Amino acid sequence: MDWGAIVQNSFRGFIGEPFIYFSLAAMGLNMHYGYTGLLNFGQAVFMAAGAYGLSMAVVTLGLNFWWGLLLGIVVFPLLLALIMGIPTLRLRADYLAIVTIAASEMFRIIARSPSLDRWTGSSDGLTAFANTFYDFNPFDKQKRYFFGLFIGNQMWVVLVGWIVLSLVALIVWMTMRSPWGRVLRAIREDEDAARSLGKNAYSFKMQSLMIGGIFGALGGMFRAIGTQSAQPQNFITDVTFFAWVALILGGAAKVGGPIAGAAILYGILNFTDVFLRQLVENDYIPESVMDGTQVGQVRFMLIGLGLILLAVYRPQGIFGTKEEMALDDR
Amino acid sequence: MTADSSNAQHLFDGVPFEPGTSKNDPILVADNVRRAFGGLVAVDVEHLEVQRGAITALIGPNGAGKTTFFNLLTNFDEPDTGSRVFEGNDLSGVSAYKVANLGMVRTFQLTKSLSKMTVIDNMRLGGTGQAGESFFRALFPFMWRRQEAEITERADALLERFKLSHMRDEFAGTLSGGQRKLLEMARALMVKPNMVMLDEPMAGVNPALKQSLLEHVKGLRDEGMTVLFVEHDMDMVQEISDWVVVMAEGRIIAEGPPASIASNQAVVDAYLGSHHDSALDLEAD
Ligand SMILES: Nc1ncnc2c1ncn2[C@@H]1O[C@H](COP(=O)(O)OP(=O)(O)OP(=O)(O)O)[C@@H](O)[C@H]1O
Ligand SMILES: [Mg+2]
């Protein structure tokens, strides 16, 4: 057994690229669901907006990287929020849920359609649009950094990711302690009560959808920059549900909940992956029970089991408070 | 104000005791307001004026349509026909939150305390025109901190008045039923409304506190606030209201000062069925 590899890989999952982009996506969901009570089951489409906003600006439209950031972080997600929010936010919560699922699948299917090859690169997607980002890389491309976990380019991506993540967490923390956050929480608890006190619930829900969408777009854009590619299959519905798992695991309506959730989720995924593989390779697990190719599936089964146990024994999530949870029953 | 601050009946000088009668200075006027749920006509009010600066009670048997009428007046529900005018503003098609911002604030019969927010945060929410309710200003606490302190001070004073200070930092979801009623009324007052509409505000509140709050409501009236409230407790109606409006089966069947209501034949019929000729002891309701 190579314990060094096991520890190293688990730790990489804990703080590495997937952790960063799923934390960002889950922080967006936290804004939507945790603080405002909006059901967004299509966070993948906001992530795709970030990835395609940048890549289409650079590759398709020939704009520079900075315009790409503007398109991916601001223009695309805000347009999306308006398109999905205007018809649904006056209605019951379920309508937004339906529209977000539909929108995220529609976007993916349209993006990979061969007739749009010129615009979206269809199923191959778009590549090599983040060179400007790597031009600023202060790290040596040949060297390894941070306990040898990341090579130079990865280190640069991860470092910027951590900074963005901290800024987003700071924004959530500040706004949730403000009167603005108070109105969101009031809407989550009872929209009519908020309205009876003169709060324009529709407008606040739209703002929440936009800002949580921007967080998601940052996550998607980050993923695209890290791999220098934006492809439709990076934004399948599973991606949305991974972000939800991170949120539920860590605890909704807590600033650090989604971050902790994503770290634990990817820490465990990486740990089980390497650990099980080692067990198989060293014949601790016989071929008749499981072989190396099945490890990928089995680790998701373990995560599923873990979530069931969490739902039974700690439904408020790891960082949620039991007292708040209990208020639902009164 | 007159020397006798315990009522404002002088505001009704010369107003006849008839359903739908005109008031000397109406703040709210409803005309032909009708709302049906399927075949059931829940509200069918031909004309009602609410006198400014007075406490008006809206009474009637269960299912008379009082709550539905409240919803229609505050735009939480849309009438099938009819118009409502508040302080000269036609309310047709106006969003409920805008009605609140015009100065007409309501409470709910089934309380809507915001369970996972603290009592003090429930109260602060009621503050109007808060700079910190803009996303961008929210990021710069110095832009709203002073206003927040003012709002908190006002909220604490009201909590004291409503005997909720000891629950200040608890989640509202931990309050008892009566305490929730109190919180909701106090929260509505945070908006500094010109007119409050209270749907059974004192249901489940203990008598001693009820007494002190009634005094508080009278005080608010004397400062110029208009109050319209739904109540089943006739003692309270007699004690606090300057004018009583009686609804039955969606219609307004009687209006007048509290003393004139209990002996009104139409009211007796509505509560007990017709062929009853004794004066009404509504306390049993
Ligand atoms: N949303 C609704 N759908 C169908 N019927 C309704 C609805 N709301 C109210 N009603 C009906 O309208 C009538 C009036 O109800 P409302 O709640 O206004 O009575 P109320 O005078 O407030 O009674 P109470 O004193 O018991 O609170 C009742 O017959 C009720 O069943
Ligand atoms: Mg009612």
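General remarks:
- Candidates are the residues of segment B:112-122 that are in contact (Cβ under 8 Å) with a residue 60 or more places away in the chain and open to solvent by 10 Å² or more (accessible area, probe 1.4 Å); the one that is farthest from the other protein chains (Cβ to nearest Cβ) is B:Ser113.
- Members of segment A:193-222 found to be within 12 Å of another protein chain (Cβ to nearest Cβ) and closer than 19 Å to A:Gly68 by Cα, listed by number: A:Met210, A:Ile211, A:Ile214
- Residue in segment B:184-200 that is more than 24 Å from B:Met104 (Cα to Cα) and more than 16 Å from ligand 1 (Cβ to nearest atom) present: no
- Matching entry among B:Ala157, B:Ala131, B:Ala208, B:Ala138 (being open to solvent by 40 Å² or more (accessible area, probe 1.4 Å), at pLDDT 90 or above and away from ligand 1 (no atom under 16 Å from the Cβ)): B:Ala157
- Failed criterion for B:Ile252 (all others in (1) open to solvent by 10 Å² or more (accessible area, probe 1.4 Å); (2) away from ligand 2 (no atom under 16 Å from the Cβ); (3) of a type outside the set (Lys, Arg) hold): (2)
- Selection status of B:Val50, away from ligand 1 (no atom under 16 Å from the Cβ), touching a helix residue (DSSP H, G or I) at 6+ places or on another chain (Cβ under 7 Å), within 22 Å of B:Glu223 (Cβ to Cβ) and assigned to a strand (DSSP E or B): no
- Residue within segment B:223-241 that is over 15 Å from the mean Cα position of the chain (by Cα) and hydroxyl-bearing (Ser, Thr, Tyr) present: no
- Selection count where residues are buried (at least 22 other Cβ atoms within 10 Å of the Cβ) and at the interface with chain A (Cβ under 7 Å from one of its Cβ atoms), scope segment B:98-107: 3
- Verdict on B:Ala157 being under 17 Å from the mean Cα position of the chain (by Cα) and not basic (Lys, Arg): no
- Residue in segment B:52-66 that is of a type in the set (A, V, I, L, M, F, W, C), within 14 Å of chain A (Cβ to nearest Cβ) and touching a residue at least 60 places away in the same chain (Cβ under 8 Å) present: no
- When residues of segment B:58-76 are limited to those that are near ligand 1 (Cβ under 8 Å from one of its atoms) and either in a loop (DSSP other than H, G, I, E, B) or open to solvent by 30 Å² or more (accessible area, probe 1.4 Å) (or both), the one farthest from B:Ser95 (Cα to Cα): B:Pro61
- When B:Gly93, B:Gly20 are checked against the criterion of being part of a loop (DSSP other than H, G, I, E, B) and either open to solvent by less than 30 Å² (accessible area, probe 1.4 Å) or of a type in the set (Val, Ile, Thr) (or both), B:Gly20 stands alone in meeting it.
- Every listed requirement among (1) more than 14 Å from chain B (Cβ to nearest Cβ); (2) more than 15 Å from A:Gly16 (Cβ to Cβ); (3) in a helix (DSSP H, G or I); (4) of a type in the set (A, V, I, L, M, F, W, C) is met by A:Leu165 save one, (2).
- When residues in segment B:184-204 are screened for being buried (at least 21 other Cβ atoms within 10 Å of the Cβ) and more than 14 Å from chain A (Cβ to nearest Cβ), 1 of them pass.
- Apart from one condition, B:Asp233 fits all of (1) open to solvent by 10 Å² or more (accessible area, probe 1.4 Å); (2) charged (D, E, K, R); (3) in contact with a Ser or Thr (Cβ under 8 Å, 6 or more places away or on another chain); the exception is (3).
- Residues of segment B:176-201 satisfying the condition of being more than 16 Å from ligand 2 (Cβ to nearest atom) and of a type in the set (Gly, Ala, Ser): B:Ser176, B:Gly178, B:Ala186, B:Ala188
- Whichever residue in segment B:106-124 is in a loop (DSSP other than H, G, I, E, B) and either of a type in the set (Lys, Arg) or away from ligand 2 (no atom under 14 Å from the Cβ) (or both) and, among such residues, is nearest to the chain's Cα centre (by Cα): B:Lys112
- Test result for A:Gly250, away from chain B (no Cβ under 11 Å), open to solvent by 10 Å² or more (accessible area, probe 1.4 Å) and on the phi < 0 side of the Ramachandran plot: no
- Residue ranges of helices (runs of 4 or more DSSP H) in segment A:1-59 with at least 2 members in contact (Cβ under 8 Å) with a residue 12 or more places away in the chain and surrounded by 24 or more Cβ atoms within 10 Å (Cβ to Cβ): A:17-29, A:43-55
- B:Leu125 facing chain A (nearest Cβ under 7 Å), crowded, with 23+ Cβ neighbours inside 10 Å and either modelled with pLDDT of 95 or more or farther than 29 Å from B:Leu175 by Cβ (or both): yes
So that you can scan it fast, the table gives a plain yes or no per residue for (1) at pLDDT 95 or above; (2) among the aliphatic types (A, V, I, L, M); (3) more than 17 Å from A:Phe41 (Cβ to Cβ); (4) surrounded by 24 or more Cβ atoms within 10 Å (Cβ to Cβ):
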position: A:Ser203; (1), (2), (3), (4): yes, no, yes, no
position: A:Gln207; (1), (2), (3), (4): yes, no, yes, no
position: A:Met221; (1), (2), (3), (4): yes, yes, yes, yes
position: A:Ala230; (1), (2), (3), (4): yes, yes, yes, yes
position: A:Thr237; (1), (2), (3), (4): no, no, no, no
position: A:Ile264; (1), (2), (3), (4): no, yes, yes, no
position: A:Ile268; (1), (2), (3), (4): no, yes, yes, no
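- Yes/no for B:Lys181 being more than 14 Å from chain A (Cβ to nearest Cβ) and either in contact with a Leu (Cβ under 8 Å, 6 or more places away or on another chain) or within 16 Å of ligand 1 (Cβ to nearest atom) (or both): no
The values are calculated or read from the model by the stated rules, or taken from the named source; none is laboratory data. Because the structure is a prediction, the values reported are computed rather than measured. Every residue, glycine as well, gets a Cβ built from its backbone with ideal geometry; the counts of neighbours run over all protein chains shown. Accessible surface is based on the protein model in full, side chains and every heavy atom, while ligands, DNA and RNA are left aside. Shrake-Rupley method; radii C 1.70, N 1.55, O 1.52, S 1.80 Å.
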